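Below is one structure, written out as structure tokens; the observations come after it.
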Amino acid sequence: ETTGPLSGKRLVVTAGPTREPIDPVRYITNHSSGKMGYALASAAVAAGAEVVLISGPVSLAVPAGVDLRPVSTAQEMLEAASKAVDEGCDIFIATAAVADYRPEVFASEKIKKTNDNMSLSLVRNPDTLATIAARADAPFTVGFAAETTDVARYATDKMQRKKLNMIVANDVSVPGLGFSSDRNAVTVFWPEGSESIGPESKQSIAARLVALIADHSNRI
Ligand code: PMT
């Protein structure tokens, strides 16, 4: 496909959870399945884009035509994203549910249990989306926001704070939508407007999002 609304464009999409190791057998993660990000990557290929998909550990088939770059931790996601943007990127879409914190130390041997309570010291992870958006050569950047309350306010705050061109707000408090499910409902915000999409399949939301992103990224 070379004639779609994204033909000639290079996209980088992050998807899935990250996995932050505690010791050789344990890690911290979340419920992201990667479905939203993989659906977006497929929709972007269908729209004619060249797509790099940076994915945390998921159990989904690789979408046809996508350059898949698997990662595990948040730090690896940042490295892979920076490299992909260095290679040339017009549009950056962050759907990944990145762990905000990682264990301060990785225990090289399995941690043994005792009869005492135990605590784990966590340190902040780097923010891939904010790092890409802050580059002098920043692409058109689209963030996602998974929220459970005050969705519109938190999402628009995040768009301004992270200097994004668009943000896709997900109300993850609705059962059957958001994390892991096949369906979703979102509200997309850009500086001058917004549009609600769904509830519907992640595939059809992805197709609508790609059309909106193609349209808005052409205006700047
Ligand atoms: O994977 P699925 O099961 O299909 O579920 C899809 C989803 C619910 C995970 C997805 O639609 C979604 O909402 N993703 C964002 C999840 C999130 O936790 O966002 P956040 O509010 O923590 O982060 C805001 C934005 O910054 C996101 O675009 C995120 O990718 C990015 N980010 C956050 C932290 C970090 N260290 N690096 C980042 O790039």
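The values are calculated or read from the model by the stated rules, or taken from the named source; none is laboratory data. If you're wondering where the values come from, they're calculated on a predicted model, not measured in any experiment. For neighbour counting, all protein chains shown are included, and Cβ atoms are generated from backbone atoms with ideal geometry for every residue, glycine included.
Counting only residues that are away from the ligand (no atom under 12 Å from the Cβ) and part of a loop (DSSP other than H, G, I, E, B), which one in segment 139-162 is nearest to Ala94 (Cα to Cα)? Only one residue tops the list, namely Pro139.
Set side by side, the residues Asp215, Asp157, Asp182 differ, and just one is in contact (Cβ under 8 Å) with a residue 60 or more places away in the chain, acidic (Asp, Glu), out of contact with any strand residue (DSSP E or B) (no Cβ under 7 Å at 6 or more places or on another chain) and surrounded by fewer than 20 Cβ atoms within 10 Å (Cβ to Cβ), which is Asp215. Comparison of Val105, Val85, Val45, Val51 shows that the only residue that is among the aliphatic types (A, V, I, L, M), at pLDDT 95 or above and assigned to a loop (DSSP other than H, G, I, E, B) is Val105. Could you list, in sequence order, the residues of segment 64-87 that are buried (at least 16 other Cβ atoms within 10 Å of the Cβ), without any contact (Cβ under 8 Å) to a residue 40 or more places away in the chain, of a type in the set (A, V, I, L, M) and farther than 17 Å from Lys9 by Cβ? Ala80 - this is the single residue of segment 64-87 that is buried (at least 16 other Cβ atoms within 10 Å of the Cβ), without any contact (Cβ under 8 Å) to a residue 40 or more places away in the chain, of a type in the set (A, V, I, L, M) and farther than 17 Å from Lys9 by Cβ. Yes or no: Ser121 under 15 Å from Ile28 (Cα atoms), modelled with pLDDT of 95 or more and more than 19 Å from the chain's Cα centre (by Cα)? Here the answer is yes, as Ser121 does meet what is asked.
Summed over segment 70-101, residues that are over 19 Å from Thr141 (Cα atoms), more than 10 Å from the ligand (Cβ to nearest atom) and either touching a helix residue (DSSP H, G or I) at 6+ places or on another chain (Cβ under 7 Å) or among the aromatic types (Phe, Trp, Tyr) (or both) total 1. Any chance segment 29-36 includes a residue that's touching a residue at least 24 places away in the same chain (Cβ under 8 Å), charged (D, E, K, R) and not in a strand (DSSP E or B)? Among the residues of segment 29-36, at least one is touching a residue at least 24 places away in the same chain (Cβ under 8 Å), charged (D, E, K, R) and not in a strand (DSSP E or B), which makes the answer yes.
Within segment 40-79, if we keep just the residues that are over 14 Å from the mean Cα position of the chain (by Cα) and of a type in the set (Ser, Thr, Tyr), the residue that is farthest from Ala214 (Cα to Cα) turns out to be Ser59.
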